[in-house]
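Colleague: This is the structure I want to talk about, given as C-alpha cells.
The values are calculated or read from the model by the stated rules, or taken from the named source; none is laboratory data. Keep in mind that this is a model prediction, so the values were computed, not measured. Counting neighbours? That spans all protein chains shown, and the Cβs are built from the backbone with ideal geometry, glycine included. Only protein heavy atoms, including side chains, enter the accessible area calculation; ligands, DNA and RNA are left aside. Shrake-Rupley method; radii C 1.70, N 1.55, O 1.52, S 1.80 Å.
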Amino acid sequence: MNFNFFPLEISNGLNKSYTDKIYEIRLRLNQPVILNYDNKRVYLSNNGITLFANDSIICTKDIIDKIINNLTEYSIYAFNDRIKQGFLTTEEGIRIGIAGETVYDKNSIITIKNITSLNIRIPHEIINCSSEIYNKTIKNSLKNLLIISSPGVGKTTILKDIARKLNNNTTNSILLIDERGEFSALSGQNIDVIKYCNKYYAFSYGIRTMSPDVVIMDELSTEEDWKSAQLACNSGVNIIASCHAKELNDLLNKEFFIKNVFDYYVFLLDDGSKGKVNKILNKDFIDI
Amino acid sequence: MNYVIGILLLVISIYIGYSIAKKYDKKLNFYYQFNNFNNILKNEMLFSQKTIKKIILENYLENDYFYKKLMNYFNDNLVNVDCKFLDKEEILFYDTYLSTIGQGDLTAQIGYIEKTANYLAEKYNQSLSEQKKYKSLYTKIGFLIGLMLLIIFL
C-alpha cells in the first residue's frame, strides 16, 4: 500500500508498524493519531504503534494541510467535487473522509475549508471472502443481492470479491459504479467502471450505454439510490449492492427501503472480523 | 603595461554596467513568464482540471527563475531561489501567489487569477519601460567609466 501522501512525521511512524494490519487512521486537529490496528485501537508514535496517548504523534494543522496538498497535488479545485461530498480517494482506493467548515452558496455546498479531521480507511483484499455468498446465491444464475452491515465490516471488500469471481467464472458484463473510487484498481475482461459519478446518473447512462448484465455498487442510502436500483431491476439488469444496517429491522425501517427489489439479503458478522457472513435471507426474509 | 591595465579596466567596467543592466532583463523575463503561467493556469483550471503540479511539469523551463521557484515551492521548498531583481513587495506578492493558487474552489481561484492578471500586466509594462530606460543607461555608464579609466592610465 502506498502511503506517500503522508508527511514524514506520520510516515516515519507508519514505516515502523505492520502496515497491512492497519484498517483505519484517524487524525483530529491537536489530538493523538489513532489507528485501528488489527481491530484494536492504538496510537501512532514516532517509533510505531503505542498503547499510550502520551507517546502519540499529535496531529497538527500542518500535517493535515500537507496530507490534503499531497492528495490533491496542491489543487483543491481539481478535486472539489469530491471534497464537497466529504472525501478524497487515492489511486489504490484508500478513502480519506474529511470534516471541517462547509462553505455554502445559497443552498449548495461550495467546498470544505479549515479541515480539522481526516478518517483514512485502508482497503484490504480478502480473496475468496465472498465464496459462501457466491455459492449460495448467484453461482448458478444472477440474482439481486444486498450486502448489509454496519460501517467498516467489509461490505466493499465483499463486493470487490464478488466482482472478481463474476469476472473470472462467468461471461456476464459487469458494470461497477464506483462513486468514491473505492473499487480502485479492480479491472477485468468483463468489467466496466464508472467512477466518481452519482448513482442515479451512472445507472441511467450506464445501463443504456454499457448494456451490463449486472451492476455492482456500494452503499444504497438516498431515495434516489433505492429508486435507481428498482429502475435497474425493472430494466432486467441484476443489482449487487450494499447498505448500512445492523439488523433486519433496521433495514426494514429505513425510510427509503423498497421491498421486492432484492432476491437475497446478506448480513455480515459484526464481531470485529472483516467480510464474514452472519446470515443470508431470501426475498421473504427467510434464512436459507 | 598601462595600456593593458587600461583595456582590462574598460572591459571590467563594461561588464559591471552590463551586469547591473541585466537585472532589468531578468525582471522583464520573470514577469513575462509569470503572466504567461497565470494565463495557462486559468485555461487549464477551466478546461482540463489538471493539477498544478502537472501544469508546472508540462510548462517548466529550465534555468528560468520564475519556474525554478515555482517548482521548488511545489516540491516542498527544497531550495531557496534568490530573486535579487525583485523588491520585497514583489517577493511577498509572489509568495502569496504560490500559497494561494490551488487552495480553493474553481470560482474563487479564477477570480484570484484574473485579479493577478491585471497586476501582472501592470508589472510587465513597468518592467519593460524600466528595461528600455536603464539597460542601455547602465551599459553606457559602464563603458564611459571604463573609457575614463583607460584614458587616465594611458
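Colleague: Test residue B:70 against the stated conditions and say whether it is under 14 Å from the mean Cα position of the chain (by Cα), within 14 Å of chain A (Cβ to nearest Cβ) and open to solvent by less than 30 Å² (accessible area, probe 1.4 Å).
Modeller: So residue B:70 fits the description; yes.
Colleague: Just to be sure I understand, how many residues within region A:67-90 are more than 13 Å from chain B (Cβ to nearest Cβ) and open to solvent by 30 Å² or more (accessible area, probe 1.4 Å)?
Modeller: Selection size over region A:67-90: 1.
Colleague: Here are some conditions: (1) open to solvent by 50 Å² or more (accessible area, probe 1.4 Å); (2) under 27 Å from residue A:276 (Cα atoms). Residue A:106 meets all but one. Which one does it not meet?
Modeller: Only one criterion in (1) open to solvent by 50 Å² or more (accessible area, probe 1.4 Å); (2) under 27 Å from residue A:276 (Cα atoms) is unmet by residue A:106, namely (2).
Colleague: For region A:109-135, how many residues are in contact with a strand residue (DSSP E or B) (Cβ under 8 Å, 6 or more places away or on another chain), on the phi < 0 side of the Ramachandran plot and open to solvent by 60 Å² or more (accessible area, probe 1.4 Å)?
Modeller: Of the residues in region A:109-135, 3 are in contact with a strand residue (DSSP E or B) (Cβ under 8 Å, 6 or more places away or on another chain), on the phi < 0 side of the Ramachandran plot and open to solvent by 60 Å² or more (accessible area, probe 1.4 Å).
Colleague: Let me ask another. If a residue has to be buried (at least 22 other Cβ atoms within 10 Å of the Cβ) and among the polar types (S, T, N, Q) to count, how many in region A:136-161 make the cut?
Modeller: 4
Colleague: Exactly one of (1) part of a helix (DSSP H, G or I); (2) open to solvent by 60 Å² or more (accessible area, probe 1.4 Å); (3) closer than 23 Å to residue B:101 by Cα is unmet by residue B:62. Its number?
Modeller: So the condition that residue B:62 fails would be (1).
Colleague: Among the residues of region B:31-39, is there at least one that is in a helix (DSSP H, G or I), open to solvent by 80 Å² or more (accessible area, probe 1.4 Å) and under 23 Å from residue B:134 (Cβ atoms)?
Modeller: yes
Colleague: Of these, B:53, B:42, B:84, B:88, which one is surrounded by 14 or more Cβ atoms within 10 Å (Cβ to Cβ) and either away from every other protein chain (no Cβ under 14 Å) or free of Cβ contacts under 8 Å to residues at least 24 places away in the same chain (or both)?
Modeller: Exactly one residue qualifies, and that residue is B:53.
Colleague: Among the residues of region A:57-112, which ones are among the small types (Gly, Ala, Ser) and more than 22 Å from residue A:184 (Cβ to Cβ)?
Modeller: Passing the criteria: A:99, A:100, A:108.
Colleague: Open to solvent by 20 Å² or more (accessible area, probe 1.4 Å), in a helix (DSSP H, G or I), within 14 Å of another protein chain (Cβ to nearest Cβ) and not β-branched (Val, Ile, Thr), is that true of residue A:9?
Modeller: Yes, satisfied.
Colleague: On the basis of being open to solvent by 20 Å² or more (accessible area, probe 1.4 Å), away from every other protein chain (no Cβ under 14 Å) and of a type in the set (A, V, I, L, M, F, W, C), does residue A:29 make the cut?
Modeller: Yes, satisfied.
Colleague: With (1) at pLDDT below 90; (2) buried (at least 22 other Cβ atoms within 10 Å of the Cβ) as the list, and residue A:224 as the residue in question, which single condition is left unmet?
Modeller: Of the numbered conditions (1) at pLDDT below 90; (2) buried (at least 22 other Cβ atoms within 10 Å of the Cβ), the odd one out for residue A:224 is (2).
Colleague: Evaluate the following for residue A:235: is it at pLDDT below 85 and out of contact with any Lys or Arg (no Cβ under 8 Å at 6 or more places or on another chain)?
Modeller: yes
The rows are residues; the columns are (1) farther than 15 Å from residue B:33 by Cβ; (2) not aliphatic (A, V, I, L, M).
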{"residue": "B:73", "(1), (2)": "no, yes"}
{"residue": "B:89", "(1), (2)": "yes, yes"}
{"residue": "B:103", "(1), (2)": "yes, yes"}
{"residue": "B:107", "(1), (2)": "yes, yes"}
{"residue": "B:112", "(1), (2)": "yes, yes"}
{"residue": "B:117", "(1), (2)": "no, no"}
{"residue": "B:121", "(1), (2)": "no, no"}
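Colleague: Now a separate question. Keeping to region B:101-124, report how many residues are within 14 Å of another protein chain (Cβ to nearest Cβ) and open to solvent by less than 60 Å² (accessible area, probe 1.4 Å).
Modeller: Residues that pass the stated criteria total 11.
Colleague: Now, a different point. Pick from region A:172-213 the residues that are without any contact (Cβ under 8 Å) to a residue 12 or more places away in the chain and part of a helix (DSSP H, G or I): which of them is most open to solvent (accessible area, probe 1.4 Å)?
Modeller: Filtering first and then ranking leaves A:208.
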